[in-house]
Every structure is written in structure tokens, then in C-alpha cells.
1. Give me the log10 of I(q) over I(0) for the chain at q = 0.10, 0.16 Å⁻¹, as the Debye formula computes it from C-alpha points; what are the numbers?
2. Using 0.36 nm per residue, how much length does the chain from residue 177 to residue 136 gain when fully extended, once their Cα-Cα distance is taken away?
3. How far, in degrees from 0 to 90, does helix 210-220 lean away from the longest principal axis of the Cα atoms of the chain, to the nearest 10?
4. Against the empirical 2.2 N^0.38 Å scaling, what ratio does the C-alpha Rg of region 92-241 come to?
5. Can you say what percent of the DSSP beta bridges in the chain, counting only those with both residues inside, are antiparallel? Round to 5.
6. Which FRET efficiency value, to the nearest 0.05, do you get for residue 30 and residue 260 by plugging their Cβ-Cβ distance into 1/(1 + (r/R0)^6) with R0 = 41 Å?
7. Just to be sure I understand: with springs between alpha-carbon atoms less than 10 Å apart, which residue in 169, 147, 87 has the highest mean-square fluctuation in the Gaussian network model of the chain?
8. Short version: ³J(HN,Hα) in whole Hz for each residue of region 56-65, in order, from phi by Karplus 6.51 cos²θ - 1.76 cosθ + 1.60 (θ = phi - 60°), x for Gly and Pro, what are they?
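Derivation of every value follows stated rules applied to the coordinates shown; laboratory data play no part. Predicted model, so just to flag it, every value in this text is computed and none were measured. Please note: Cβ atoms are built from the backbone with ideal geometry, for glycine as well, and neighbour counts cover all protein chains shown.
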Amino acid sequence: MKTIIITGNGQDTKILVRKITNYDVFVFTKQKAELKFKRKNIHYVSIDLLDYAKVKKKISEINPVTIIHLASKNETGFNKKLKYQIHYHDNYLMLKNILKSVSSFNPKIKILFAGSSQMFKKKTGIITEKSKFKAKCYYSRYKIDSHNLLNVYKNNFLIESTTMLLFNHDSIFRNKKFLLPRLKNYFQKKNFKKIREIYTLNLKGDFSHAEDICDAIIKLLDLKKLPRRIILSSNKITKINDLIDYGLKKINHQNLIINLSVKREKDNYLIGNNNKAIKLLNWKIKKNSLLAFKQMIKKI
């Protein structure tokens, strides 16, 4: 059986290890104990991706056909004073160690790198793979610089790689600091003050169910030639207030937000055009963010 490596222990890794059955999967993580899912083809490896010698040794031992690089040190939430500057060097070095290892051992190993919608210059409107990048913070700078590093290795060592431009996607495995899990927490605690606060913001954006995004990632494993960039998104607008309306109906508090004013400022969100992914991967979107939220609050 062919092998792949997935780095990180976040939401997407938790979904991918449950979906991938036709590969031996080695998960590189420093928090091995947090990944409880077990199956014969799933193997957990405790490793520090900042240690080049260990990374090179382990990659050469496993000799994967593909590495899905999802791991990064991040700050979550909406705090504008994020400490990404602290993490920038480590995040960049982790990818560099992987690329150096692959180029010195087996440049035929494919690399799937998790990019972000925050890499784009535009602040609102439709985004395609041809849209320009511009760093707005250390997080987006790390993602853009990593994408450029991938292209250097792609040009110099002919490594097949792609930057997956990931838009918002949620599931029951989503980190609790993100928007939908925080909403779930507010509903569980009946914290109507916080629910009202979010409702008045009138938030909108490109949100997907994480299982759909992971299905696309799995399809990328079978591509012989990878595009330099590929957008994985819903290609539609999700209104967070629609999710709140569903939650309030579920707990019989439909009247909570009647006559509550909401912000009517100019829309400020990006929509990812996913046509390339749908055509190239024969990818079908089967779920949505409302379903993800329903699954989160199912037992409330």
C-alpha cells in the first residue's frame, strides 16, 4: 500500500484520517495524544518539524508518495493584535525542512500545502487562482512566502506541489476559538448577550463544510500533475445570521432577535471561485456550513 504523510493535528487531519482508506497514513504531530482515531492504516509519529535531521530521517524511512502539510502555529479568533510575528519563522522553517528533505531524498514526492484566503490582495469580491496576493499581516506573509518557496523548489527540483487556497470550513472537529464553535458554546450556555452581539454584526462570507474540503484534498492525491494554486471553497455566500436563526428555533427562542438592528455597512467578504477544482478533480460539493452547525448543536 502506498504511503502519505499528513502534518498537524487539527480539524482537517481528524477528518482526513477517517476518510482515507487506500493509503498508509503517517500523521506527524507533537500532540500525539490528542488524535484518538485508530485504524490499521493510520500511524501517529511524534516529531518536531523544526528539527531538520529528524524530519529528513523520518521522511526517508516512510518514503511517501505525497505529503499534506497542514501543520502551523497559529492564533485564532478575531483579535487584531495577533502574535503571528512570533510564529512566522517557525512556520516557514517547518515547510523549508520538508522541502529540503524531499529534494535531497526523493523529489518525486508531491507536496500539498495549506494556503489561505487571507493571502489575497482583494478585500471583497470574487477570487480566482489568478488573483493577486498581498500580505496584510504576518500570517498571510507566512502563507505567501511559503507559496513562493514551493515554487522555487518546483522550478529547481521539479517537485510537484500545490498551494491549496482554503476558505472558511467547519465541522464538529473545528477549533473552539473559531466563529461557529464559539456560537455553539453560546447556545449551549444560553449566552444570549453574545448571540445578539454576533447577530448585529451581520457577518457573511464563503463558508464550507470541512468534509467537502477534505474530499477535494483526497482527490488531489491522485493527480499526477498538480496546479501551482487551487481554490477550495463553497463559491457562495453564507449568512451567519441564518445559522443563528436555526439555532434559536431549535431552542425555542425565535423571538429573541425580533426588531434587533444589524449593521448595514458595505459588504466586506471574499468568495472563492472553485470552478477549477470542480472541473479538475471532478469534485462535488455535498454539504454546507448550515449542516456543519446543525451537527455541532445537535445535542443541545
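1. For the chain at q = 0.10, 0.16 Å⁻¹, log10 I(q)/I(0) is -0.57, -1.39.
2. Computed gain between residue 177 and residue 136 is 12.6 nm.
3. For helix 210-220, the angle is close to 20 degrees.
4. 1.21
5. 10 percent
6. Computed FRET efficiency for residue 30 and residue 260: 0.40.
7. In this elastic network of the chain, the residue with the biggest mean-square fluctuation among 169, 147, 87 is 87.
8. Using θ = phi - 60°, the values come out as 4, 4, 6, 5, 5, 5, 7, 6, x, 7 Hz.
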